[in-house]
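The values are calculated or read from the model by the stated rules, or taken from the named source; none is laboratory data. Only a predicted model underlies this, so the values are computations on that prediction, with no experimental measurement involved. All Cβ positions, even for glycine, are placed from backbone atoms using ideal geometry, and neighbour counts span all protein chains on display.
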Amino acid sequence: MGILLFAIAIVSTERLIPRFKTEFLLTHSQAGAILSANMLGFLISILLGGIISDYSSKKRLILAGFLLSGTGGILIFLAKSYFMLLLGGLFIGISGGLLEGILSIVIMLVFKEKPGMAMNLTQIFFGIGAGIAPFFATLFREWRFAYSLIAILSFLLLFVTIPSTIPETRSNEKLKEITNLFTNPLFLLAAMGMFFYSCTETGIVGWISSLFIEELETSKLWGTLSLSAYWFAQFVGRATVGLKVDRFTPEKIISILFFISGLTLSGALTLHITNLSFIFFSLTGFVMAPIWPTIIADARMRFSKTPGAAVGGIAAIGSLAGMIIAPLIGKIADLYTISRGLYLTVATSIAGCLIYIAIILIIKASGTRNYR
């Protein structure tokens, strides 16, 4: 429920970017900065939260996530200025880092034997939330009501969690292990892979609605359907391919999925026909779906001495990508077109593929998968 709530909150913001632009008279770059605020908050909290969770209470961090989600919802509900939108987006991003990061670690503690399946299973709920969010965000004539419900749900889950039992583990490793982790070549390469994955996904979800409405000149309904279909395809991908990832070598399946996503994105942007672009963007969502959970699950197993720091560090690098790519695509859109800006996502998909090919070669040369 926590991951589903975060998906609803952040994807609702992505879908409402065109409305924010109209009501607050924003440029493409300013609108992209709202998504960057989400990613900045996510980066800070998933990195620090992951490190802290190795040495202290995970339950307190989860409770803080629900509290901040509710606060962010209230801020956007009451927003009278661009600054309040940014601050609300920042708080929702911080809550997301705590909820997604810590809950992911908890679920992998429960399913130690099949971490890839467990991560993809929890991310199915992200897909459900993300799939319904575009419709949820536009359900009301006044978009602010969506954020009032997000706040109410956040505080409700906060009170439900207070008496709940959360699995806890504490690391006996010294903080020096964190330094060793952040200088490990395989960790750095995995973090780069996550960086390129997040560039691709954030670019798509941040601008797909605007692409359909403004450039393909479709109705607002098409804009909503395009984003919802992408997330629904992610749900299907995680519920099918994602639950089988533990049967394969993580590095190989990730590299293959990156490559295919680059091809489907190229088809969506090159054809530039409403129906065909819709199909290819949906295929991209299906193909990309298992990448994020599989990278996280592999990091949890590979760097088992400090799993919170490993998961948090890799996910934080991914959120850094989100901060960069959304306004960058917006800047290109201001100068040229949204579709030209989205060609960056094709490049980042191929870059992710190359990163994981490099990981495969390093593992092959060393003769070990280097689990710690």
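Structural remarks
- Gly237 meets each of the listed conditions (1) at pLDDT below 85; (2) closer than 19 Å to Pro134 by Cβ apart from (1).
- The selection criterion, being touching a residue at least 40 places away in the same chain (Cβ under 8 Å) and in contact with a Lys or Arg (Cβ under 9 Å, 6 or more places away or on another chain), holds for Leu121.
- Boolean, Glu14 is in contact (Cβ under 8 Å) with a residue 60 or more places away in the chain and over 26 Å from Gly223 (Cα atoms): no
- Selected residue (criterion: modelled with the highest pLDDT) from residues of region 264-306 that are of a type in the set (S, T, N, Q) and not in a helix (DSSP H, G or I): Thr306
- Hey, Ala310 in contact with a Leu (Cβ under 7 Å, 6 or more places away or on another chain) and surrounded by 24 or more Cβ atoms within 10 Å (Cβ to Cβ) or not: yes
- Set Gly267, Gly312, Gly262, Gly308: member being of a type in the set (Gly, Ala, Ser) and within 16 Å of the chain's Cα centre (by Cα): Gly312
- Residues of region 183-206 satisfying the condition of being closer than 15 Å to Pro293 by Cα and small (Gly, Ala, Ser): Ala190, Ala191, Gly193, Ser198
- Selection within region 42-67: residues that are aromatic (Phe, Trp, Tyr) and surrounded by 18 or more Cβ atoms within 10 Å (Cβ to Cβ). The member of this set that is farthest from the chain's Cα centre (by Cα) is Phe66.
- Note on region 220-267: among residues that are buried (at least 24 other Cβ atoms within 10 Å of the Cβ) and among the aliphatic types (A, V, I, L, M), the one that is farthest from Ala118 (Cα to Cα) is Leu265.
- One residue from Lys80, Lys112, Lys59 being over 23 Å from Asp298 (Cα atoms), not aliphatic (A, V, I, L, M) and not in a helix (DSSP H, G or I): Lys80
- Positions within region 294-309 being more than 17 Å from Leu243 (Cβ to Cβ) and among the acidic types (Asp, Glu), in sequence order: none
- Scope region 124-157; condition farther than 18 Å from Gly89 by Cβ, of a type in the set (A, V, I, L, M) and surrounded by 19 or more Cβ atoms within 10 Å (Cβ to Cβ); matching residues: Ile124, Ile128, Ile132, Leu157
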